[in-house]
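Notes follow the structure.
Only the coordinates and a few stated rules stand behind these numbers; no lab work does. Values in this document were obtained by computation on a predicted structure and should not be read as measured data.
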């Protein structure tokens, strides 16, 4: 019952919002070609990306927590293949599952600062999967004009109905296979800065 209500609320609210998407063509091309890739977005603004990728042969990494079960049930109702694990619990199993999902042709969706933060700090998992599986990494951010920010670690954003939103996609990024150790961590940090800059731009452009 709780999952049905949550799904209904999200779908009703999102259908009232005016979304303006930029640079979505590369993602659309990957989807049309049925090419697997890794899509990353921050935990606090994850509702729209999850909803947008429903019914697109997507797989999702969801934590093994009690809250994670609620999200897992929601995503499964949207047609996701749900993988359970995180950087803090079941990390080795999670990496194996993520690689397997990409190998099977899924779009892998990851919140790289989840499940417990720190806020807007990217962990290595999504980067390593994109590198080792030789698939593109795409960043997406959404900014709402009117929303409520919760007092959670991820500063979760709940958009108001009938607001406007701007959605920004990056060009597909590649992770050079020869990168290891410190150079790979520098690349991770560079991508983290790109995602934060993209998020700030999305929010700024829809500010009153």
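Data for the structure
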read-out	value
Per-residue [θ]222 nm for the chain (sum of -39500 (n - 2.57) over DSSP H runs n ≥ 4, rounded to 500)	-13000 deg cm²/dmol
Acute angle (nearest 10 degrees) that the helix 2-16 long axis makes with the longest principal axis of the chain, alpha-carbon atoms	80 degrees
From the C-alpha gyration tensor of the range 27-143, square roots of 5λ in Å	19, 16, 14
Relative contact order of the range 42-113, pairs being alpha-carbon contacts under 8 Å that are 6 or more residues apart, as %	40 percent
Linear extension gain, residue 77 paired with residue 174, 0.36 nm per residue minus alpha-carbon span	31.8 nm
Between the range 38-59 and the range 88-137, the alpha-carbon center distance in angstrom	13 Å
Percentage relative contact order, the chain, counting C-alpha pairs under 8 Å, at least six apart	27 percent
Extended-chain gain in nm, criterion 0.36 nm per residue less alpha-carbon gap, residue 5 and residue 201	67.3 nm
Mean Cα-pair separation over length for the range 1-98, i.e. relative contact order, pairs under 8 Å, 6 or more apart, %	24 percent
Taking the C-alpha atoms of the range 100-208, convex hull volume expressed per residue in Å³	115 Å³
Percent of Cα-Cα distances greater than 21 Å, calculated over the chain	51 percent
